[in-house]
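The values are calculated or read from the model by the stated rules, or taken from the named source; none is laboratory data. Quantities reported herein were computed from a predicted structural model and do not represent experimental measurements. Here the Cβ positions follow ideal geometry from the backbone for every residue, glycine too, while neighbour counts run over all protein chains shown. Calculation scope for accessible area: heavy atoms of the full protein, side chains included, ligands and nucleic acids excluded. Shrake-Rupley method; radii C 1.70, N 1.55, O 1.52, S 1.80 Å.
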Amino acid sequence: MRRLYQLFLTLLTLFLTITVFSVITITSAYYYLEPNLPEIDVLKDVQLQVPLRVYSTDNKLLAEFGEMKREPVSYHEIPETLIQAIISAEDESFFHHPGVDYKGILRAVIHLIKTGTKGQGGSTITMQVARNFFLTRDKTYIRKINEIFLSLKIEKELSKQEIMALYMNKIYLGHRSYGVAAAAKVYYGKALNDLSLEQYAMIAGLPKAPSAYNPVTNPQRATIRRNYVLSRMLQLNYISKEQHSTSVKTIDNAEIHTANIEVEAPYIAEMVRAQMVKQYGNEAYTTGFNVYTTISGKMQTAANQALRSALMSYEHRHGYKGVSGHYDLIPNTPILEQLTLLTDFKPVGNLKPVLVTSIIQSTPETDTKKKKNTKKENTQRAQILLKDGNSAFLTWKHIKWARKYINDRRMGKKPKKIEEVFNIGDIIYVEQLKNSEYALAQLPEASAALVSLNPQNGAINAITGGFDYYHSKFNRVIQAKRQPGSNFKPFIYSAALNKGYTTATLINDAPVVFKDSHLEGFWRPDNYSGKFFGPTRLRKGLIKSRNLVSIRILRDIGINYAIDYVQRFGFIGSELPKNLSLALGSATLTPMQIARGYAILANGGYDIKPWFIERIEDPSQTILFKQQYTSVCSKDYPVEDCPEDESLHAPRVADEDNVFLMTTIMRDVIKHGTGRKALKLGRQDLAGKTGTTNDQLDAWFSGFNRQIMATAWVGFDTPRSLGRLEFGGTAALPMWMNFMEIALKDMPEQALIEPENIVTVKIDSETGLLASGGSKKTQYEYFIEGSEPQRSSIDSDSSVSSGSNTEAVNDELF
């Protein structure tokens, strides 16, 4: 008995000694390490790395930039089922322990004593928060002790709900997703509240090993881990047996989902990204800035569709260049093997690569009511395999356009059967039409650009700098300097009106040879048609886009005067050629520069500058920047948001009368001239001008009403002819029309208000003088009061004038 008592005392002494030693050791360690422990206050206002997001003016997501995909959520926004799943997988006693799982730590110590190696165990959610926010992941004893002490400190200063929210937002869950909300979007393309039980369990299983248990890269191991989490939830009575049984049998459908881009606008998104990095440096990618642009979701979508439709139409007019690839397809080849053949072919814009798997030689049904000589329609069909594994059919009506391309001016004969266009095993591109049918297409070699501005303040409504940003990041709207051709003529005509010309001034449309010191040798300009029409009124000269009329006007008013004048429309004088070719648009300008000039015409002559960032907010929705833009404040065209601060009123740069006259002329371009196709839009308030450069290197159309303007351009990046008959009215105008049809929907027409000193006079259409009884053709014309003709053609022989209706033009002929 005595021995047992001695043994008891010895063990008690040993226990007390170890306990005291442990307490002293832990206390000493705490006081030694505590001064170096970080302050927990930073967790109360932690700044998680959140990507830069760009939105349209109607709050639709345009783009997301940043390595880390994260969407911070509050504790109350986290579904209870997910919290239960996380607790089941990571820390079942989270809501009860003080931040440290002593039993788990003891198990780890015993494992160390027994094996001499470090083991897993004892890491609570609080300890993971401490490690993720403050510590490294190195497995050292000092780090583990720091982690324990820090966890205890966190539990003293933060609530369990705050700790759980920090954990849910910080953890890495694979494929650049940080936090549970981002993981829901990345793997399932859904908001956090929209996931199913088994999907919550899958996400809850990821923190342990985001790569090993990843549902996309390791679906089998991920499913095992998911089912383990579901079993733990059953054990902890979070779910029923029925829920467990159903969930473990569910096949997971995880796949990588990119950011839920609501409007395709990569060109403006890149402009925003560049501006944000310039202003904030690399913090732009991690601070969680939300940038709200001026882009209209509706108009941007319309711009994308209009540009792609224009280039597809161009391709149809010039023939099919051939298939993109070919494989010898063995009959009955498994679909999975067929799909591998499409691996190297990427979608471009709205075009999809497909594999031709069969050609069906259909026989049309006989219609006994039809005459025997009725031509039978080709009913061949091609079966195609898409990259998503689905099959579809291409019918002959969507293939028959594909005459063989020879060059930009020639095509081969019309094909009579599918095999003359492509065969089984070919890789071709198709586009999906609005009726869900597919049509044969090809990657466009030509390029295009479209930009739309709000003339009242310069805000960019829509911008698309090419067919596919990811195929070519070159933004042709702001980077492509091209000759605008006749699209520049309105600015020369406006200069002429400013120097005394009237809309009825006669200019001689006749052959002329100029010797210009700025040009090489002699210059013999002509009209595209090769014809000459003699004395031509200024209005008609622009409506019909007569080159010789424009050249004579510029020569008369003076090149230096014209260059000085057109700068009020935003053009830079040093970028304009100092020779008569300026009259034909030989300057190299970007579509954005042209658009700004037309916007000033559209708004009545007020200077506006294009802009695209409306405001910048931080993650807490605090406004960091708000654009201070100038607006047109006109008594004739009142606007709702005219600022009280007069410094924000756009200054007038062109006379009201001048711009009114130019607008009426450009309205006539659409009613009677090179823009007549636009009459299909059924509006009376549209004005514009086509533009085509020598040898059809560039095709343009710019047009507007008071509320909106747009410029469209088509050409090759490396300039070459677009081909015969590819004018501004052929290649660019349809793009502009398709855009404006959507942009102007539900936008009421706005009447053009005559300025006070504009008068209307009936004139002789041939002489530009007052109409008389002997006039063969008459019309009403607008004049600035005091400039209207004072005599009729009966009073005097008509003269070809320059600057007034009485002075004759004197051209040097060589």
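Need the C-alpha centroid separation for the range 373-441 versus the range 563-596, integer Å.
44
Whole number please: convex hull volume per residue, Cα atoms of the range 137-284, in Å³. It would help to have the intermediate numbers written out before the result.
Values: hull volume 26.4 nm³, N = 148.
Spread over its residues, the Cα hull of the range 137-284 gives 178 Å³ apiece.
How high is the FRET efficiency between A209 and Q243 when r is their beta carbon distance and R₀ equals 22 Å, given to the nearest 0.05?
Working: r = 25 Å, r/R0 = 1.15.
With a Förster radius of 22 Å, E is 0.30.
Any chance you could list P(r) for the range 660-770, counting all Cα-Cα pairs in 5 angstrom bins from zero, rounded to whole %?
Bins of 5 Å from zero give 2, 11, 19, 19, 16, 12, 11, 6, 2, 1, 0 percent of pairs.
Tell me, what is the per residue accessible area of the range 401-509 in Å², probe radius 1.4 Å? Could you put the intermediate results ahead of the total?
Working: 4000 Å² over 109 residues.
Per residue, the range 401-509 has an accessible area of 37 Å².
Just the accessible area for I478, please: 1.4 Å probe, Å², rounded to the nearest 10?
Approximately 70 Å² of I478 is accessible to the 1.4 Å probe.
Could you work out the pair-distance distribution P(r) of the range 377-536 from its alpha-carbon pairs, with 5 angstrom bin width and percents rounded to whole numbers?
It works out to 1, 6, 9, 10, 12, 10, 11, 11, 9, 7, 6, 4, 3, 0, in whole percents.
Please calculate the 1.4 Å probe accessible area of T692, with all protein chains present, and give it to the nearest 10 Å².
Taking all protein chains as shown, T692 has close to 40 Å².
Each residue of the range 148-162 in turn: what ³J(HN,Hα) in whole Hz from Karplus with 6.51, -1.76, 1.60 and θ = phi - 60°, glycine and Pro shown as x?
With coefficients 6.51, -1.76 and 1.60, one gets 5, 4, 5, 5, 4, 5, 4, 5, 6, 9, 10, 7, 4, 5, 5 Hz.
Where does the charge balance sit around N527 when Lys and Arg score +1, Asp and Glu -1, over other residues with C-beta under 11 Å from its C-beta?
Values: positive: K531, K544, R546; negative: D509, D526.
Computed value for this residue: +1.
What residues qualify as long-range amide H neighbours of R482, i.e. H under 5 Å apart, gap of 5 or more or another chain, H built at 1.01 Å from N?
For R482, whose amide H was placed from the backbone, the distant partners under 5 Å are L589, T590.
Using the Kirkwood radius over C-alpha pairs as Rh, can you work out the diffusion coefficient of the range 458-499 via Stokes-Einstein at 20 °C, viscosity 1.002 mPa s, in µm² per second? All intermediate terms of the calculation are to be shown ahead of the outcome.
Working: Rh = 13.0 Å.
Value of D from the Cα-based Kirkwood radius: 165 µm²/s.
Cα-based Rg (one decimal) and Dmax (whole number) for the range 497-639, in Å?
20.2, 69
Counting Lys and Arg as +1 and Asp and Glu as -1, each charge on the Cβ, what is the dipole of the range 390-439 about the Cα centre in debye, to the nearest 20?
Details: 11 positive and 6 negative charges, 90 e Å.
I would put it at about 440 debye.
How much accessible area does R667 have with a 1.4 Å probe, in Å² rounded to the nearest 10?
Counting only protein heavy atoms, R667 exposes about 40 Å² to solvent.
Taking 0.36 nm per residue of sequence separation and subtracting the Cα-Cα distance, how much length would be gained by fully extending the chain between R791 and S358, in nm to one decimal?
Details: separation 433, 0.36 × 433 = 155.88 nm, distance 7.72 nm.
This chain segment gains 148.2 nm when fully extended.
Report ³J(HN,Hα) in whole Hz for each residue of the range 251-257, in order, from the Karplus equation J = 6.51 cos²θ - 1.76 cosθ + 1.60 where θ = phi - 60°; Gly and Pro get x.
For the range 251-257, the Karplus curve yields 7, 6, 10, 5, 7, 6, 10 Hz.
With a 10 Å radius around each residue's Cβ, average the other Cβ atoms per peptide and rank 287-300, 401-414, highest first. Intermediate results must be reported in sequence, preceding the final value.
Details: 287-300: 22.9, 401-414: 15.1.
The peptides rank, most packed first, as 287-300, 401-414.
Please name whichever of Y561, W523, F533 sits farthest to the positive end of the charge dipole of the range 432-582, dipole taken about the Cα centre and charges placed at Cβ: Lys and Arg +1, Asp and Glu -1.
Towards the positive end, the residue furthest out is F533.
Which percent of the accessible heavy-atom area of the range 557-606 goes to carbon and sulfur, probe 1.4 angstrom? All intermediate terms of the calculation are to be shown ahead of the outcome.
Working: 650 of 1270 Å².
Answer for the range 557-606 is 51 percent, counting heavy atoms of protein chains only.
For the range 522-566, state which trypsin sites (Lys or Arg not before Pro) are in a DSSP loop and have at most 12 other beta carbons lying within 10 Å of their beta carbon. Before the final figure, lay out the partial values.
Working: sites: K531, R537, R539, K540, K544, R546, R552, R555; in loops: K531, K544, R546.
Those satisfying the criteria are K531.
Run the Debye formula on the Cα coordinates of the range 537-609, all scatterers equal and no solvent, and tell me log10 I(q)/I(0) at q = 0.15 1/Å.
One equal scatterer on each Cα of the range 537-609 leads to -0.54.
Largest first, what is the accessible-area ranking of Y314, Y469 with a 1.4 Å probe?
Numbers: Y314 5, Y469 25 Å².
Sorted by accessible area, descending: Y469, Y314.
What whole number of Å gives the distance from the Cα centroid of the range 200-278 to the Cα centroid of the range 702-765?
Centre-to-centre distance over Cα atoms comes out at 50 Å.
Let me see the P(r) profile for the range 265-320: every Cα-Cα distance counted, bins of 5 Å, each bin given as a percent of all pairs.
Histogram of Cα-Cα distances, whole percents per bin: 4, 15, 19, 15, 12, 11, 10, 6, 5, 3.
Roughly how big is the range 564-614's charge dipole about its Cα centre, with Cβ charges of +1 (Lys, Arg) and -1 (Asp, Glu), in debye to the nearest 20?
Values: 4 positive and 4 negative charges, 17 e Å.
Computed charge dipole of the range 564-614: roughly 80 debye.
Between T333 and D695, what FRET efficiency comes out of the Förster formula 1/(1 + (r/R0)^6) with R0 = 51 Å and r the beta carbon distance, rounded to 0.05? Present the calculation step by step, with values, prior to reporting the outcome.
On the way: r = 48 Å, r/R0 = 0.94.
The calculated FRET efficiency here is 0.60.
Under a 1.4 angstrom probe, counting protein chains only, how are K762, K609, K69 ranked by accessible area, largest first? Display every interim value, and only then the final one.
Values: K762 95, K609 120, K69 35 Å².
These residues rank, largest area first, as K609, K762, K69.
Which whole number of Å³ per residue matches the convex hull of the alpha-carbon atoms in the range 202-286? Walk me through the numbers before you get to the answer.
Values: hull volume 13.2 nm³, N = 85.
Roughly 155 Å³ of hull volume per residue.
Can you give me the long-range amide H partners of D655? Hydrogens built in the peptide plane at 1.01 Å from N, cutoff under 5 Å, separation of 5 or more residues or another chain.
none
Enumerate the residues in the range 496-516 having an amide nitrogen under 17 Å from the point lying 7 Å beyond the Cα of Y780 toward its Cβ.
From the range 496-516, the list is 503-504.
Using Cα-Cα distances under 8 Å and only pairs 6 or more residues apart, what relative contact order does the range 157-199 have, in percent? Write down the numbers at each step before the final one.
Working: 31 pairs, mean separation 8.8, N = 43.
It comes to 21 percent, rounded to a whole number.
Exceeding 25 Å between C-alpha atoms, which entries from my cross-link table qualify? They are K489/K515; K321/K489; K434/K677. Walk me through the numbers before you get to the answer.
On the way: K489/K515 21 Å; K321/K489 36 Å; K434/K677 23 Å.
Cα-Cα > 25 Å for K321/K489; rest within.
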